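Asks: What follows is a single structure, and I will ask about it in a moment.
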Amino acid sequence: MAEVVILDDESAAAGLAANVILDLVRRKPATVLGLATGSTPLGIWLALADRGADLSDVRGFALDEYVGLPDGHPQSYRSVITREVVEPLGLDPNRVMVPGHLGPIETAGNDYERAIRAAGGVDLQVLGIGTDGHIGFNEPGSSFESLTRVKTLTRQTREDNARFFDSVDEVPVNCITQGLGTIRRAKHLVLLAFGEAKAKAIAAAVEGPVTASAPGSAIQLHPHVTVLVDGGAASELANVDYYRYAWANKPEWESL
Ligand code: F6R
(Lines give C-alpha, C1' and ligand atoms only; values in the text may rest on other atoms or scores of the structure.)
Protein backbone atom coordinates (compact mmCIF):
# COMPACT_ATOMS: atom_id res chain seq x y z
CA MET A 1 0.00 0.00 0.00
CA ALA A 2 1.21 3.49 -0.79
CA GLU A 3 2.34 5.60 2.13
CA VAL A 4 0.01 8.60 2.05
CA VAL A 5 1.17 11.77 3.82
CA ILE A 6 -1.29 14.63 4.16
CA LEU A 7 0.51 17.93 4.55
CA ASP A 8 -0.63 21.45 5.39
CA ASP A 9 0.26 22.86 2.01
CA GLU A 10 2.15 22.49 -1.21
CA SER A 11 5.40 23.90 0.10
CA ALA A 12 5.50 21.41 3.01
CA ALA A 13 5.03 18.56 0.52
CA ALA A 14 7.66 19.96 -1.83
CA GLY A 15 10.13 20.35 1.06
CA LEU A 16 9.56 16.74 2.13
CA ALA A 17 10.04 15.46 -1.43
CA ALA A 18 13.22 17.55 -1.76
CA ASN A 19 14.56 15.97 1.48
CA VAL A 20 13.89 12.47 0.16
CA ILE A 21 15.77 13.31 -3.06
CA LEU A 22 18.70 14.86 -1.21
CA ASP A 23 19.00 11.85 1.14
CA LEU A 24 19.17 9.63 -1.90
CA VAL A 25 21.77 11.80 -3.65
CA ARG A 26 23.92 11.81 -0.50
CA ARG A 27 23.97 8.02 -0.61
CA LYS A 28 24.27 7.83 -4.41
CA PRO A 29 25.57 11.01 -6.12
CA ALA A 30 24.79 9.57 -9.57
CA THR A 31 21.12 9.06 -8.66
CA VAL A 32 18.78 8.61 -11.63
CA LEU A 33 15.75 10.86 -11.20
CA GLY A 34 12.50 10.55 -13.13
CA LEU A 35 11.28 14.08 -13.81
CA ALA A 36 7.66 15.17 -14.13
CA THR A 37 6.80 18.54 -15.67
CA GLY A 38 3.66 20.60 -15.04
CA SER A 39 2.76 22.75 -12.05
CA THR A 40 2.82 20.08 -9.34
CA PRO A 41 6.59 19.47 -8.94
CA LEU A 42 7.63 23.13 -9.24
CA GLY A 43 8.01 23.54 -5.46
CA ILE A 44 10.39 20.56 -5.34
CA TRP A 45 12.73 22.15 -7.87
CA LEU A 46 12.60 25.46 -5.96
CA ALA A 47 13.32 23.71 -2.65
CA LEU A 48 16.22 21.76 -4.18
CA ALA A 49 17.68 24.91 -5.74
CA ASP A 50 17.41 26.68 -2.35
CA ARG A 51 19.33 23.93 -0.56
CA GLY A 52 22.22 24.46 -3.00
CA ALA A 53 23.30 20.80 -2.98
CA ASP A 54 25.75 19.54 -5.60
CA LEU A 55 23.57 17.65 -8.08
CA SER A 56 26.05 17.65 -10.95
CA ASP A 57 26.30 13.84 -11.08
CA VAL A 58 22.54 13.28 -11.05
CA ARG A 59 20.99 11.82 -14.20
CA GLY A 60 17.45 12.70 -15.26
CA PHE A 61 14.77 11.18 -17.48
CA ALA A 62 11.67 13.23 -18.21
CA LEU A 63 8.37 11.39 -18.18
CA ASP A 64 6.95 12.73 -21.39
CA GLU A 65 7.00 15.26 -24.21
CA TYR A 66 4.59 16.76 -26.69
CA VAL A 67 4.94 15.58 -30.27
CA GLY A 68 4.72 18.18 -33.03
CA LEU A 69 6.03 21.33 -31.35
CA PRO A 70 8.94 23.00 -33.16
CA ASP A 71 12.39 22.60 -31.60
CA GLY A 72 12.95 25.17 -28.87
CA HIS A 73 9.21 25.89 -28.37
CA PRO A 74 8.99 27.34 -24.84
CA GLN A 75 6.28 24.82 -23.86
CA SER A 76 8.08 21.75 -25.18
CA TYR A 77 8.95 19.66 -22.15
CA ARG A 78 12.58 19.78 -23.17
CA SER A 79 12.49 23.59 -22.82
CA VAL A 80 10.48 23.35 -19.61
CA ILE A 81 12.87 20.82 -18.04
CA THR A 82 15.88 22.95 -19.06
CA ARG A 83 14.33 26.13 -17.62
CA GLU A 84 12.75 24.73 -14.46
CA VAL A 85 15.03 21.86 -13.50
CA VAL A 86 18.39 21.63 -15.28
CA GLU A 87 19.44 25.28 -14.97
CA PRO A 88 18.22 26.13 -11.44
CA LEU A 89 19.51 22.85 -9.97
CA GLY A 90 22.84 22.90 -11.79
CA LEU A 91 22.27 19.54 -13.47
CA ASP A 92 24.51 18.52 -16.35
CA PRO A 93 22.33 18.99 -19.48
CA ASN A 94 24.07 16.02 -21.13
CA ARG A 95 22.83 13.78 -18.33
CA VAL A 96 19.15 14.78 -18.66
CA MET A 97 17.01 13.21 -21.37
CA VAL A 98 13.54 13.95 -22.66
CA PRO A 99 11.72 11.35 -24.79
CA GLY A 100 11.37 12.04 -28.50
CA HIS A 101 14.69 13.82 -28.88
CA LEU A 102 17.02 10.90 -29.47
CA GLY A 103 16.27 10.22 -33.14
CA PRO A 104 13.25 9.59 -35.38
CA ILE A 105 9.94 9.58 -33.54
CA GLU A 106 9.09 6.12 -34.95
CA THR A 107 11.85 4.52 -32.85
CA ALA A 108 11.98 7.08 -30.05
CA GLY A 109 10.10 4.89 -27.57
CA ASN A 110 12.52 1.96 -27.82
CA ASP A 111 15.51 4.32 -27.85
CA TYR A 112 14.32 5.90 -24.61
CA GLU A 113 13.74 2.56 -22.91
CA ARG A 114 17.26 1.52 -23.89
CA ALA A 115 18.72 4.76 -22.47
CA ILE A 116 16.89 4.28 -19.15
CA ARG A 117 18.14 0.69 -18.92
CA ALA A 118 21.70 1.76 -19.78
CA ALA A 119 21.58 4.28 -16.91
CA GLY A 120 20.67 1.43 -14.53
CA GLY A 121 16.97 2.35 -14.23
CA VAL A 122 15.23 5.21 -12.45
CA ASP A 123 15.91 5.39 -8.70
CA LEU A 124 13.18 7.87 -7.81
CA GLN A 125 10.34 8.89 -10.08
CA VAL A 126 8.51 12.16 -9.33
CA LEU A 127 4.90 11.99 -10.51
CA GLY A 128 1.97 14.37 -10.78
CA ILE A 129 -1.51 13.19 -11.73
CA GLY A 130 -3.99 14.55 -14.27
CA THR A 131 -7.60 15.34 -13.39
CA ASP A 132 -8.54 12.38 -15.62
CA GLY A 133 -6.22 10.11 -13.62
CA HIS A 134 -3.27 9.97 -16.02
CA ILE A 135 0.30 9.59 -14.80
CA GLY A 136 2.96 10.51 -17.30
CA PHE A 137 0.69 11.00 -20.30
CA ASN A 138 -0.83 7.54 -19.90
CA GLU A 139 -4.47 8.35 -20.40
CA PRO A 140 -7.32 6.10 -19.14
CA GLY A 141 -7.15 2.72 -20.87
CA SER A 142 -3.34 2.58 -20.98
CA SER A 143 -1.86 -0.86 -20.38
CA PHE A 144 -0.11 -1.42 -17.05
CA GLU A 145 2.68 -3.09 -19.03
CA SER A 146 3.10 -0.26 -21.55
CA LEU A 147 6.53 1.15 -22.32
CA THR A 148 7.57 4.51 -23.79
CA ARG A 149 5.51 5.20 -26.91
CA VAL A 150 3.56 7.83 -28.83
CA LYS A 151 0.03 8.40 -27.54
CA THR A 152 -2.94 10.72 -28.05
CA LEU A 153 -3.93 13.19 -25.33
CA THR A 154 -7.56 13.35 -24.18
CA ARG A 155 -9.52 16.53 -24.72
CA GLN A 156 -9.60 16.97 -20.92
CA THR A 157 -5.80 16.89 -20.65
CA ARG A 158 -5.45 19.34 -23.55
CA GLU A 159 -7.96 21.67 -21.85
CA ASP A 160 -6.10 21.35 -18.52
CA ASN A 161 -2.81 22.22 -20.24
CA ALA A 162 -4.24 25.04 -22.37
CA ARG A 163 -3.17 27.44 -19.60
CA PHE A 164 0.41 27.09 -20.87
CA PHE A 165 -0.59 27.99 -24.45
CA ASP A 166 -2.65 30.75 -26.09
CA SER A 167 -5.57 28.39 -26.71
CA VAL A 168 -6.53 24.72 -26.39
CA ASP A 169 -6.11 24.31 -30.15
CA GLU A 170 -2.39 24.99 -29.77
CA VAL A 171 -1.93 22.11 -27.31
CA PRO A 172 -0.54 19.20 -29.32
CA VAL A 173 -2.80 16.19 -29.79
CA ASN A 174 0.06 13.67 -29.64
CA CYS A 175 2.70 13.04 -27.05
CA ILE A 176 5.40 10.53 -26.25
CA THR A 177 5.32 9.16 -22.72
CA GLN A 178 7.00 6.62 -20.52
CA GLY A 179 4.52 3.77 -20.17
CA LEU A 180 2.93 2.55 -16.95
CA GLY A 181 5.30 -0.42 -17.22
CA THR A 182 8.26 1.96 -17.47
CA ILE A 183 7.07 3.96 -14.46
CA ARG A 184 6.48 0.80 -12.44
CA ARG A 185 10.13 -0.21 -12.94
CA ALA A 186 11.39 2.86 -11.08
CA LYS A 187 12.57 1.90 -7.59
CA HIS A 188 10.60 4.55 -5.68
CA LEU A 189 7.53 6.48 -6.87
CA VAL A 190 6.77 9.85 -5.28
CA LEU A 191 3.35 11.08 -6.39
CA LEU A 192 2.25 14.59 -5.46
CA ALA A 193 -1.13 16.27 -5.88
CA PHE A 194 -2.63 19.49 -4.63
CA GLY A 195 -6.12 20.98 -4.60
CA GLU A 196 -9.63 19.58 -4.81
CA ALA A 197 -9.48 19.27 -8.60
CA LYS A 198 -7.14 16.30 -8.05
CA ALA A 199 -9.18 14.66 -5.24
CA LYS A 200 -11.07 12.14 -7.40
CA ALA A 201 -7.95 11.12 -9.31
CA ILE A 202 -6.02 10.62 -6.05
CA ALA A 203 -8.82 8.57 -4.46
CA ALA A 204 -9.01 6.37 -7.57
CA ALA A 205 -5.22 5.95 -7.66
CA VAL A 206 -4.76 5.15 -3.98
CA GLU A 207 -7.98 3.41 -2.94
CA GLY A 208 -9.92 2.57 -6.09
CA PRO A 209 -9.88 -0.70 -7.97
CA VAL A 210 -6.70 -1.42 -9.93
CA THR A 211 -7.94 -0.69 -13.42
CA ALA A 212 -6.64 0.67 -16.69
CA SER A 213 -9.52 3.16 -16.49
CA ALA A 214 -7.62 4.85 -13.65
CA PRO A 215 -3.97 4.79 -14.79
CA GLY A 216 -2.82 6.17 -11.42
CA SER A 217 -4.06 2.96 -9.77
CA ALA A 218 -0.95 1.28 -11.25
CA ILE A 219 0.84 2.62 -8.16
CA GLN A 220 -0.97 -0.05 -6.12
CA LEU A 221 1.15 -2.67 -7.89
CA HIS A 222 4.40 -1.03 -6.81
CA PRO A 223 6.19 -1.95 -3.56
CA HIS A 224 7.52 1.52 -2.72
CA VAL A 225 5.20 4.49 -3.27
CA THR A 226 4.96 7.77 -1.37
CA VAL A 227 1.90 9.97 -1.98
CA LEU A 228 2.22 13.57 -0.79
CA VAL A 229 -1.05 15.52 -0.82
CA ASP A 230 -2.64 18.60 0.71
CA GLY A 231 -6.08 18.58 2.35
CA GLY A 232 -7.83 19.40 -0.93
CA ALA A 233 -6.32 16.52 -2.87
CA ALA A 234 -6.94 14.21 0.12
CA SER A 235 -10.60 15.23 0.44
CA GLU A 236 -12.05 12.16 -1.34
CA LEU A 237 -9.87 9.59 0.40
CA ALA A 238 -11.78 7.21 2.69
CA ASN A 239 -8.90 6.33 5.01
CA VAL A 240 -7.63 9.82 5.87
CA ASP A 241 -7.69 9.14 9.62
CA TYR A 242 -5.51 6.07 9.18
CA TYR A 243 -3.00 7.92 6.97
CA ARG A 244 -2.66 10.70 9.54
CA TYR A 245 -2.36 8.18 12.40
CA ALA A 246 0.26 6.13 10.53
CA TRP A 247 2.30 9.27 9.78
CA ALA A 248 2.10 10.45 13.41
CA ASN A 249 3.29 7.01 14.55
CA LYS A 250 5.95 6.40 11.91
CA PRO A 251 9.05 4.87 13.51
CA GLU A 252 11.88 7.42 13.60
CA TRP A 253 14.33 5.06 11.91
CA GLU A 254 12.03 4.49 8.94
CA SER A 255 12.60 6.75 5.95
CA LEU A 256 9.99 7.59 3.34
C1 F6R B 1 3.90 15.86 -16.75
C2 F6R B 1 3.08 14.66 -16.54
C3 F6R B 1 1.65 14.76 -16.17
C4 F6R B 1 1.39 15.80 -15.09
C5 F6R B 1 -0.11 15.92 -14.83
C6 F6R B 1 -0.41 16.96 -13.78
O7 F6R B 1 5.22 15.48 -17.10
O8 F6R B 1 3.57 13.58 -16.69
O9 F6R B 1 1.19 13.51 -15.74
O10 F6R B 1 2.07 15.44 -13.93
O11 F6R B 1 -0.75 16.27 -16.01
O12 F6R B 1 -0.07 18.22 -14.27
P13 F6R B 1 0.00 19.47 -13.30
O14 F6R B 1 1.10 19.20 -12.34
O15 F6R B 1 0.34 20.63 -14.20
O16 F6R B 1 -1.32 19.57 -12.64
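Asks: Based on what the data block shows, is Asp160 buried (at least 17 other Cβ atoms within 10 Å of the Cβ), more than 10 Å from the ligand (Cβ to nearest atom) and within 18 Å of the chain's Cα centre (by Cα)?
Replies: no
Asks: Taking the stretch 1-38 only, how many residues are under 18 Å from Val86 (Cβ atoms) and in a loop (DSSP other than H, G, I, E, B)?
Replies: 6
Asks: Could you count how many residues in the stretch 76-111 are part of a helix (DSSP H, G or I), of a type in the set (S, T, N, Q) and either within 18 Å of the chain's Cα centre (by Cα) or under 27 Å from Ala53 (Cβ atoms) (or both)?
Replies: Looking only at that region, the number is 3.
Asks: Being over 18 Å from the mean Cα position of the chain (by Cα), closer than 19 Å to Asp169 by Cα and surrounded by 19 or more Cβ atoms within 10 Å (Cβ to Cβ) is the filter here; which residues of the stretch 53-72 pass it?
Replies: Val67, Leu69
Asks: Taking the stretch 70-116 only, how many residues are of a type in the set (A, V, I, L, M, F, W, C) and under 14 Å from Gln178 (Cβ atoms)?
Replies: Selection size over the stretch 70-116: 7.
Asks: Pick from the stretch 173-209 the residues that are away from the ligand (no atom under 13 Å from the Cβ) and in contact with a Phe, Trp or Tyr (Cβ under 8 Å, 6 or more places away or on another chain): which of them is farthest from Tyr243 (Cα to Cα)?
Replies: Asn174
Asks: Could I ask something else about it? Condition check: in contact with a Gly (Cβ under 6 Å, 6 or more places away or on another chain), of a type in the set (Ser, Thr, Tyr) and either farther than 23 Å from Val20 by Cα or more than 9 Å from the ligand (Cβ to nearest atom) (or both). Does Thr131 satisfy that?
Replies: In short, no.
Asks: Out of the residues in the stretch 23-41 that are surrounded by 15 or more Cβ atoms within 10 Å (Cβ to Cβ) and among the aliphatic types (A, V, I, L, M), which is nearest to Val206 (Cα to Cα)?
Replies: In this case the residue turns out to be Ala36.
Asks: Which one of Ala12, Ala53 is more than 16 Å from the ligand (Cβ to nearest atom), under 20 Å from Thr226 (Cβ atoms) and at pLDDT below 95?
Replies: Selected residue: Ala53, the only one of Ala12, Ala53 that is more than 16 Å from the ligand (Cβ to nearest atom), under 20 Å from Thr226 (Cβ atoms) and at pLDDT below 95.
Asks: Right, another one. I'd like to verify a number: residues in the stretch 48-67 that are within 23 Å of Ile183 (Cβ to Cβ) and either in contact (Cβ under 8 Å) with a residue 60 or more places away in the chain or not in a loop (DSSP other than H, G, I, E, B) (or both), how many?
Replies: Counting residues in the stretch 48-67 that are within 23 Å of Ile183 (Cβ to Cβ) and either in contact (Cβ under 8 Å) with a residue 60 or more places away in the chain or not in a loop (DSSP other than H, G, I, E, B) (or both) gives 10.
Asks: Can you tell me how many residues within the stretch 112-149 are buried (at least 17 other Cβ atoms within 10 Å of the Cβ) and not in a loop (DSSP other than H, G, I, E, B)?
Replies: Here the count works out to 10.
Asks: Regarding the stretch 83-94, can at least one residue be identified that is over 22 Å from Ala13 (Cβ atoms) and within 12 Å of the ligand (Cβ to nearest atom)?
Replies: No: the stretch 83-94 contains no residue that is over 22 Å from Ala13 (Cβ atoms) and within 12 Å of the ligand (Cβ to nearest atom).
Asks: Here is a further query. For the structure I just gave you, tell me whether Val20 is within 26 Å of Ala204 (Cβ to Cβ), surrounded by fewer than 22 Cβ atoms within 10 Å (Cβ to Cβ), out of contact with any helix residue (DSSP H, G or I) (no Cβ under 6 Å at 6 or more places or on another chain) and in contact (Cβ under 8 Å) with a residue 60 or more places away in the chain.
Replies: So Val20 fits the description; yes.
The values are calculated or read from the model by the stated rules, or taken from the named source; none is laboratory data. Model, not experiment: these values are computed from the prediction. Neighbour counts run over all protein chains shown; Cβ positions are idealised from the backbone, glycine included.
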